[in-house]
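Step one of this worksheet: look at the structure below.
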Amino acid sequence: MKQDIGDIDIEIQNLNEIKEQKLKELKYIEYEIKKCKIKKFKVCKENGGHDFITEREDGIYGEIFTYCKNCNYNG
C-alpha cells in the first residue's frame, strides 16, 4: 500500500505540535526549578546565613569558585 505525501505531512505537523507542547512543559519545569533554588537560597539565609567556602580547581590555571556549603549557592 502506497503512502500519501499528505498523510506524511499531517504526521509531521502532529509531531511538531507534540514537540512544541513538550518544550512548553520543559520551560515550565525549568521555571519551577529556578523558583525552588531561590526559595532554598532564602531559607538558608534566614536560618543563620550562608557558610561560604572558596576553593580553587586543581591545575596551574585552576578557577576559583565560592559556594555556600549548606545550600550550594554560588556566591
Task: Given (1) open to solvent by less than 100 Å² (accessible area, probe 1.4 Å); (2) out of contact with any Ser or Thr (no Cβ under 9 Å at 6 or more places or on another chain), number of the condition residue 30 does not satisfy - done: (1)
Open item on the list: Going by what's in this entry, would residue 47 be described as open to solvent by 100 Å² or more (accessible area, probe 1.4 Å) and either touching a strand residue (DSSP E or B) at 6+ places or on another chain (Cβ under 7 Å) or among the acidic types (Asp, Glu) (or both)?
Closed with: no
TODO: Name the one entry in 29, 53 that is free of Cβ contacts under 8 Å to residues at least 40 places away in the same chain and more than 20 Å from the chain's Cα centre (by Cα).
DONE: 53
TODO: Name, by its number, the condition in (1) in contact (Cβ under 8 Å) with a residue 24 or more places away in the chain; (2) β-branched (Val, Ile, Thr); (3) assigned to a loop (DSSP other than H, G, I, E, B) that does not hold for residue 43.
DONE: (3)
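Could you check region 50-61 and list, in sequence order, the residues that are outside any strand (DSSP E or B), under 16 Å from residue 74 (Cβ atoms) and open to solvent by less than 80 Å² (accessible area, probe 1.4 Å)?
Taking region 50-61 as the starting set, the residues that turn out to be outside any strand (DSSP E or B) are 50-51, 57-61.
Still in the list and also under 16 Å from residue 74 (Cβ atoms): 50-51, 57.
Passing the criteria: 50, 51.
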Task: residue 67 vs. criteria surrounded by 10 or more Cβ atoms within 10 Å (Cβ to Cβ), among the aromatic types (Phe, Trp, Tyr) and within 16 Å of the chain's Cα centre (by Cα) - done: no
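The values are calculated or read from the model by the stated rules, or taken from the named source; none is laboratory data. Note that the structure is a prediction, hence the values are computed from the model and not measured. Heads up, the Cβs are rebuilt from the backbone with ideal geometry, glycines too, and the neighbour counts pull from every protein chain shown. When the accessible area is computed, the model is the full protein with side chains, heavy atoms only, and any ligands, DNA or RNA have been set aside. Shrake-Rupley method; radii C 1.70, N 1.55, O 1.52, S 1.80 Å.
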